[in-house]
Structure formats: C-alpha cells, structure tokens
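Enquirer: Handing you this structure, nothing more for now.
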Amino acid sequence: MLDSWLRLALAPGVGNTSLIRLLTAFGSPEAVLASGRTALSVHLSSAQCDALLGEPDAALMEATLAWLDQPGNSLLTLADADYPKNLLEIADPPAVLYCKGRRTLLSQPGLGVVGSRNATPQGVRDAEAFSRALSDAGFTIISGLALGIDAAAHRGGLASAGSSIAIIGTGLDRIYPARNKALAHQLAENGLVISEFALGTPPLPGHFPRRNRLISGLSRGVLVVEAAPDSGSLITARVATEQGREVFAIPGSIHSPLARGCHALIKQGAKLVESAADILDELAWPQRLAPPAWPEQAADPVLDALDGAPATLDALAQRTGLTLDALSAKLLALELEGQIASMPGGRYQKLH
C-alpha cells in the first residue's frame with residue numbers, strides 16, 4: 001500500500017487537488033492505479049494520465065523508501081487512523097504528509113504563531129514568551145521554520161510540554177533557510193517537522209502559501225506577532241479566517257511598520273491580545289480554570305524580589321543582580337505567564 005501512495009504522490013504534474021479528486025472517485029490508490037486511461041481521463045489531463053500510467057521515477061522511489069526506513073521518519077496518508085481530523089475540515093487537505101519526529105503531536109491541540117522574518121528584538125521576545133506560555137498550557141506551537149518570529153515561536157514551544165511542529169515548504173531532506181538547520185534538528189528530536197512536498201523539493205515561492213494553509217488548518221487559532229502590511233503572515237491569517245479558526249494579533253506602536261499588519265487584522269476583527277492568558281480565555285481553555293502550580297524548588301529570584309510589595313525595574317536589578325536587558329526579558333515572560341502585572345509608575349507586582 002505504501003508503494004501505491006508514493007506512486008500517486010510522486011507522479012510529476014499530478015498535484016494534490018488532482019489526487020484528492022482521484023481518491024474520491026476511485027476510493028484507494030490501488031484502485032486509481034488499476035484504472036485505465038479512459039477512466040482516468042475523466043479526472044486528469046492527457047499529460048497527467050501519461051505521468052500516472054508511466055513508470056515511476058525509480059531513483060526517487062528508492063530514495064524515499066530508504067528515507068522512510070530511518071527512525072522517526074514516516075508517511076502520513078488520508079487512509080491513516082491518526083490523520084488529523086482538523087485537516088480533513090479544510091478545502092484542500094494534503095493526501096500525504098512526510099513526517100520527521102513525534103507524529104503523535106498531530107493529535108494534540110495546536111496554536112499557530114506567525115510573523116515577520118525581519119522581526120524586532122521585542123517581537124522575537126514576545127513570540128518566544130507567548131509560545132512558551134501556550135506550550136506550558138498544553139498547546140503545540142505550529143509555525144513555518146522561517147527566520148524571525150517563526151523561529152522564536154518554535155523555540156518557545158520546544159521549551160515546554162506542548163512542544164512544536166514546523167511545517168516547511170521544501171522536501172524534508174532540505175532545510176530552508178539553512179540558518180535554521182540546528183533548530184530543525186531540535187524539532188525532529190523533540191517536536192515534529194512535516195511537509196507535503198516530496199524529498200528533494202526546493203524552496204519555490206508558490207510552496208509557502210500552501211504551507212500556510214496547513215499551519216492554520218492544524219491550529220485552533222493563529223497568533224500574528226509582528227507583520228508588515230504585505231506580510232505573508234496576513235495570508236495565513238486570512239486563510240485561518242476562511243477555515244473558521246480564531247485569529248489573534250499583538251498590537252504595537254503606530255509608528256512601527258511591523259505593527260501595521262497586526263493593526264489591520266485587529267480592525268478586521270482579530271482579537272487584540274496582550275498576554276497568553278487572553279488567548280486561553282478566548283479559546284475557553286479548561287486549564288485556565290485552575291492556576292498553575294509553581295514548584296517550591298524552582299525558586300525565581302525575580303519573584304522572590306517582588307515578595308511583599310511592588311518594585312521598579314531599577315530596584316529589581318539591585319535586588320537580583322540581573323542586567324536590565326535580562327531582567328526586562330524575564331519580567332515580560334513572567335507577565336505573559338500571569339505571575340506578575342505591570343503597574344503605573346514603572347512598577348511590577350507579584351500576583352501569586
């Protein structure tokens with residue numbers, strides 16, 4: 001059966017839409033391959049019929065089967081019991097998905113996090129902190145392995161229990177961009193990397209919008225952290241809306257070009273969020289009913305410094321010995337986790 005699925009998936013010029021049409025008409029890959037030209041020509045062009053009825057690319061078939069024999073690699077098909085049900089809801093579900101890593105993550109609740117490749121340092125911090133908090137709450141963070149916000153989202157997801165899934169626009173034997181090779185390795189070890197594209201597929205521009213529909217399709221909602229008005233992240237948000245998913249956006253300065261995309265989404269009805277708790281509340285996530293337990297042995301110097309009374313940034317720096325940059329990042333993470341709150345006058349207050 002695996003050979004039959006691969007023969008369909010690797011037939012040149014026979015795209016996913018045609019595969020879905022064939023599987024709907026004939027019921028299985030074996031039935032499709034057993035059909036003659038006359039029956040196939042009802043659903044395919046002459047060139048597509050030639051590709052499907054001709055001999056498969058033996059080298060590619062052999063390379064793919066060898067890849068699938070490696071630990072952690074698998075092919076997920078529409079016929080598999082663990083095919084994600086939420087992907088079946090979208091208009092163009094992938095007939096096959098190449099998977100590397102923890103395939104069981106596909107059955108977990110997912111939250112898409114996307115944004116600019118040219119993110120600001122604050123945007124990177126926000127993406128990582130939001131993703132870590134959401135992962136800690138039980139969501140698997142889903143993004144596209146791009147530079148900037150995507151990479152930060154994956155790092156945040158991997159840092160906690162929910163982990164992270166990367167959906168890429170190339171074959172799984174090619175990592176794009178190359179700068180994220182180490183991150184891709186971490187995802188393959190502790191999360192999951194998936195693609196609907198065959199091995200050896202290069203990073204062609206048209207592949208990334210197709211990838212984006214899977215980011216939103218696998219997710220209960222999509223968070224846009226930073227986005228210019230022409231950002232590809234807005235395509236993901238639009239597709240998410242079309243798929244009936246929630247869209248969330250973090251606001252920014254009216255003077256920042258990377259905030260304009262998020263502001264446009266908010267004007268169009270996206271939920272403005274200032275913390276991970278806003279997202280969990282909007283999704284009615286049941287874990288929000290019980291406050292998180294913070295282990296006593298995991299004492300936090302910043303939380304300890306806030307015991308008793310609110311304090312300013314300078315006062316906290318003196319008490320903890322942290323640099324202002326490190327302290328600011330820590331305070332942001334604690335605020336997103338709902339453990340502290342910022343107050344007028346630049347002070348911070350412990351909530352738990």
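The values are calculated or read from the model by the stated rules, or taken from the named source; none is laboratory data. Everything numeric here is computed off the predicted structure, so don't read it as measured data. Because the Cβ atoms are built from the backbone with ideal geometry, glycine has one as well, and the counts that use them run over all protein chains shown. These area figures cover heavy atoms from the full protein model, side chains too; ligands, DNA and RNA do not enter into them. Shrake-Rupley method; radii C 1.70, N 1.55, O 1.52, S 1.80 Å.
Enquirer: Can you tell me, using C-alpha contacts under 8 Å and at least 6 residues apart, the relative contact order of the chain as a whole percent?
Expert: Details: 638 pairs, mean separation 43.5, N = 352.
It comes to 12 percent, rounded to a whole number.
Enquirer: Quick check: convex hull of the Cα atoms in segment 166-316, volume per residue, rounded to a whole Å³?
Expert: Working: hull volume 29.1 nm³, N = 151.
Roughly 193 Å³ of hull volume per residue.
Enquirer: Based on the Cα atoms of segment 214-265, what semi-axes does the equivalent ellipsoid have, where each is the square root of 5 times one gyration tensor eigenvalue, given in whole Å with the largest first? Please list the in-between numbers first.
Expert: Numbers: eigenvalues 83, 19, 11 Å².
After diagonalising the Cα gyration tensor, the semi-axes are 20, 10, 7 Å.
Enquirer: Another one. Starting from the Cα-Cα distance between Ala91 and Arg238, subtract it from 0.36 nm times their residue separation and give me the gain in nm to one decimal. Don't skip to the end; give the middle numbers.
Expert: Values: separation 147, 0.36 × 147 = 52.92 nm, distance 1.39 nm.
Taking Ala91 through Arg238 to full extension adds about 51.5 nm, to one decimal.
Enquirer: Just to verify a number: FRET efficiency for His255 and Ala79, C-beta to C-beta distance, R0 = 51 Å, to 0.05?
Expert: Working: r = 52 Å, r/R0 = 1.03.
Here the calculated transfer efficiency is 0.45.
Enquirer: Can you give the accessible area per residue of the chain, in Å², using a 1.4 Å probe? Numbers along the way, then the final one.
Expert: Details: 16280 Å² over 352 residues.
About 46 Å² of surface per residue is accessible.
Enquirer: How large is the charge dipole for segment 20-111, taken about the Cα centre, if only the Cβ atoms of Lys, Arg (+1) and Asp, Glu (-1) carry charge, to the nearest 20 debye? Walk me through the numbers on the way to the answer.
Expert: Numbers: 6 positive and 10 negative charges, 59 e Å.
Dipole magnitude for segment 20-111 comes out near 280 debye.
Enquirer: Which value, in debye to the nearest 20, gives the size of the charge dipole of the chain about its Cα centre, when Lys and Arg are +1 and Asp and Glu are -1 at the Cβ?
Expert: Working: 28 positive and 34 negative charges, 108 e Å.
Roughly 520 debye, rounded to the nearest 20.
Enquirer: Using the structure shown, list the pairs from Lys100/Lys330; Lys100/Lys267; Lys181/Lys330; Lys100/Lys271 with a Cα-Cα distance above 31 Å, or answer none.
Expert: Lys100/Lys330; Lys100/Lys267; Lys100/Lys271
Enquirer: Charges on Cβ only, +1 for Lys and Arg, -1 for Asp and Glu, centred on the Cα centroid of the chain; of Ala63, Trp285, Ser143, which one is farthest towards the dipole's positive end?
Expert: Checked the options; the winner is Ser143.
Enquirer: Out of residues 5 or more away from Thr140 or on other chains, whose amide H comes under 5 Å of its own, with H placed 1.01 Å from N in the peptide plane?
Expert: The list, which skips near neighbours in sequence, is Gly110, Leu111.
Enquirer: Roll a 1.4 angstrom probe over the protein heavy atoms and tell me the percent of accessible area of segment 74-158 that is carbon or sulfur.
Expert: 49 percent
Enquirer: Which of the peptides 3-12, 21-30 is most tightly packed, and how do the rest follow, going by the mean number of other Cβ atoms within 10 Å of each residue? Can you show the working numbers first?
Expert: Details: 3-12: 19.2, 21-30: 16.5.
Ranked from most to least packed, the peptides come out as 3-12, 21-30.
Enquirer: Which percent of the Cα-Cα distances in the chain go past 32 Å?
Expert: Values: 22815 of 61776 pairs.
The answer is 37 percent, as a whole percent.
Enquirer: Per-residue ellipticity at 222 nm for the chain, helices alone: DSSP H runs ≥ 4 residues times -39500 (n - 2.57), over residue total, nearest 500 deg cm²/dmol?
Expert: On the way: 17 runs with 154 residues, N = 352.
Counting only the DSSP helices, I get -12500 deg cm²/dmol.
Enquirer: Given the peptides 170-180, 122-132, 184-194, 338-348, arrange them by the average over their residues of other C-beta atoms within 10 Å, most packed first.
Expert: Descending packing order for the listed peptides: 122-132, 184-194, 170-180, 338-348.
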